[in-house]
Amino acid sequence: MKFLKKVFYCAFGIISESICLRLQGDPGLCLQLPENRGLAEQIQIIKERRWIMVKKKSVIDFITMKKKGEQVAWITAYDYPTALFGEQAGMDMLLVGDSLGMLVMGYDSTIPVTMADCIAHCQSVRRGAPETWVIGDMPFGSYQTTDQEAVQNAVRFIKEAAVDCIKLEGGQRVAGRIRAITDAGILVMGHIGLTPQSSGQLGGFKAQGRDVNNAREVIRDALAVQEAGAFSLLIEAVPPEVTAFIARKLHIPVYSIGAGPCDGQLLISGDMLGQFKIFTPKFVKQYADVAGVTVEAFKAYISDVKNGLFPTDEHVYHISEPLEAFEKLFSEFDS
Ligand code: KIV
């Protein structure tokens, strides 16, 4: 009997893994989630209501993709709708970057972003993209002090927000932290080159590795991150020649933001959507003008309201009993 049960579960697993069913026109957009439920339960409800049975990528898939030369495409996401659209579009990964400080919260840097901010945004993204690899970005101050604090905060990302891995900035100088977190059983993505949390030390938001001496440090950082046990590495704003060398040299996947071709590419969603226009780095390719479309829509709405063109009959709920009954009701209040 036990044996038969095993065979059944095994067959069920294989069948369900091979089914790849997505609803066109995602009903997730109008989901009303029950309150007072845990994140895991809410995600289960979202999955069931969407009928999604897509096999979620694992760390093995990313390593295989590197071996096969298949590119990984990913963006940042900070909220439920972006995560939903990202998953619908088929993004390989979503990064809940601490860039949320600028993109969402209106700060002028990532420095003020807290653990509470990051956890809350990771939870929203996880609810929107239950079948996508989600990366939680450790904010400034959450891993700089001690190994113990770094591990405790990394654990919070996994337990409270159900992310798949965490990312932290730095190479040789944070190798010990990466080791401590991986020893706790948590997957780590390294981040070297232009590291925004330490942009002060770098002399601003400047490309790194452009001269031989600086490139040597970037390469040493990359090797230190791999040696410390990270499963992948993100390189930011480094010349493509240096990135290509690192991607060849490392056996872990190497991804780029503004660092040229390697195993995959990341862009900040607000940059590529044309939503965040305060500062656009050279490496951004803009795929839409969401800011422009949004301002035009807001203007059209203001004009409609002011000119009595909204709401019209199609935008209201009609009474369900004869008008006379309502007139009688109104007269009760007239005396
Ligand atoms: O916070 C973020 O979005 C990042 C990218 C700049 C790589 O770390």
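The values are calculated or read from the model by the stated rules, or taken from the named source; none is laboratory data. As the structure is a computational prediction, the values presented were derived from the model and not from experiment. Positions of Cβ are backbone-derived with ideal geometry, glycine not excepted, and every protein chain shown enters the neighbour counts.
Among residues belonging to the range 124-159 that are closer than 24 Å to Asp92 by Cβ and of a type in the set (Phe, Trp, Tyr), point out the one that is surrounded by the fewest Cβ atoms within 10 Å (Cβ to Cβ).
Trp133
Does any residue in the range 67-95 that is over 10 Å from Gly264 (Cα atoms) come within less than 8 Å, Cβ to Cβ, of a residue that is among the acidic types (Asp, Glu) and at pLDDT 95 or above six or more places away or on a different chain, and which pairs are these?
Between residues of the range 67-95 that are over 10 Å from Gly264 (Cα atoms) and residues that are among the acidic types (Asp, Glu) and at pLDDT 95 or above, the close pairs are Glu87/Glu131; Leu94/Glu87; Leu95/Asp137.
So for the range 163-171 (the condition being over 18 Å from Gly229 (Cα atoms) and either of a type in the set (Gly, Ala, Ser) or assigned by TED's automatic domain parsing to the domain that holds Gly229 (or both)), does at least one residue qualify? Break it down into steps so the answer makes sense when it comes.
Initially, the range 163-171 is screened for residues over 18 Å from Gly229 (Cα atoms), giving 163.
Filter once more, keeping what is either of a type in the set (Gly, Ala, Ser) or assigned by TED's automatic domain parsing to the domain that holds Gly229 (or both): 163.
Yes; the residues of the range 163-171 include at least one that is over 18 Å from Gly229 (Cα atoms) and either of a type in the set (Gly, Ala, Ser) or assigned by TED's automatic domain parsing to the domain that holds Gly229 (or both).
Identify the single condition in (1) modelled with pLDDT under 95; (2) not assigned by TED's automatic domain parsing to the domain that holds Thr195 that Ile278 does not satisfy, given that it satisfies every other one.
(2) is the only condition that Ile278 fails.
Any residue that is within 23 Å of His121 (Cα to Cα), among the small types (Gly, Ala, Ser) and touching a Cys at 6+ places or on another chain (Cβ under 9 Å) - is there at least one of those in the range 162-182?
Yes - at least one qualifying residue is present in the range 162-182.
Go through (1) exposed (fewer than 11 other Cβ atoms within 10 Å of the Cβ); (2) at pLDDT 95 or above one by one and return the number of the condition Asp334 breaks.
(2)
If you take the residues of the range 276-306 that are in contact (Cβ under 8 Å) with a residue 40 or more places away in the chain and under 20 Å from the mean Cα position of the chain (by Cα), which of them is nearest to Tyr78 (Cα to Cα)? Full working, then the answer.
If we filter the range 276-306 for residues that are in contact (Cβ under 8 Å) with a residue 40 or more places away in the chain, which is where we start, we get 276, 278, 281, 283.
Checking which are under 20 Å from the mean Cα position of the chain (by Cα) leaves us with 276, 281, 283.
Working: Phe276: 13, Pro281: 19, Phe283: 21 Å.
Top of the filtered list is Phe276.
With (1) assigned to a loop (DSSP other than H, G, I, E, B); (2) more than 18 Å from Gly97 (Cβ to Cβ) as the list, and Ala180 as the residue in question, which single condition is left unmet?
Of everything listed in (1) assigned to a loop (DSSP other than H, G, I, E, B); (2) more than 18 Å from Gly97 (Cβ to Cβ), Ala180 misses just condition (1).
Hey, which of the helices (runs of 4 or more DSSP H) in the range 62-164, taking only ones fully inside, have at least 1 residues that are more than 16 Å from the ligand (Cβ to nearest atom)? Write out each step before concluding.
Numbers: elements: 80-89, 100-103, 115-128, 147-161.
Once the helices (runs of 4 or more DSSP H) in the range 62-164 are filtered for at least 1 residues that are more than 16 Å from the ligand (Cβ to nearest atom), what remains is 80-89, 115-128, 147-161.
Go over the candidates Val254, Val242 one by one and state the one that is in contact with a Ser or Thr (Cβ under 9 Å, 6 or more places away or on another chain) and either on the phi > 0 side of the Ramachandran plot or surrounded by 19 or more Cβ atoms within 10 Å (Cβ to Cβ) (or both). Can you show your working first?
On the way: Val242 fails: in contact with a Ser or Thr (Cβ under 9 Å, 6 or more places away or on another chain).
Testing whether each residue is in contact with a Ser or Thr (Cβ under 9 Å, 6 or more places away or on another chain) and either on the phi > 0 side of the Ramachandran plot or surrounded by 19 or more Cβ atoms within 10 Å (Cβ to Cβ) (or both) leaves just Val254.
Run down Arg156, Arg177, Arg220 and say which single residue is over 29 Å from Phe279 (Cα atoms) and in contact with a strand residue (DSSP E or B) (Cβ under 8 Å, 6 or more places away or on another chain). Before you say what the answer is, go through the steps one by one.
Numbers: Arg156 fails: in contact with a strand residue (DSSP E or B) (Cβ under 8 Å, 6 or more places away or on another chain); Arg220 fails: in contact with a strand residue (DSSP E or B) (Cβ under 8 Å, 6 or more places away or on another chain).
Answer to the selection: Arg177.
Only residues that are out of contact with any strand residue (DSSP E or B) (no Cβ under 7 Å at 6 or more places or on another chain), farther than 19 Å from Ile257 by Cβ and of a type in the set (A, V, I, L, M, F, W, C): list them for the range 112-135, please.
Initially, the range 112-135 is screened for residues out of contact with any strand residue (DSSP E or B) (no Cβ under 7 Å at 6 or more places or on another chain), giving 112-117, 119-120, 123-124, 127-128, 130-131.
Retained after the next criterion (residues that are farther than 19 Å from Ile257 by Cβ): 112, 114-117, 119-120, 123-124, 127-128, 130-131.
Listed by number, the residues that qualify are Met115, Ala116, Ile119, Ala120.
Can you tell me which condition His251 does not meet? The list is (1) at pLDDT 95 or above; (2) in the same structural domain as Gly204 (by TED's automatic domain parsing); (3) within 29 Å of Phe85 (Cα to Cα), and all the others hold.
(3)
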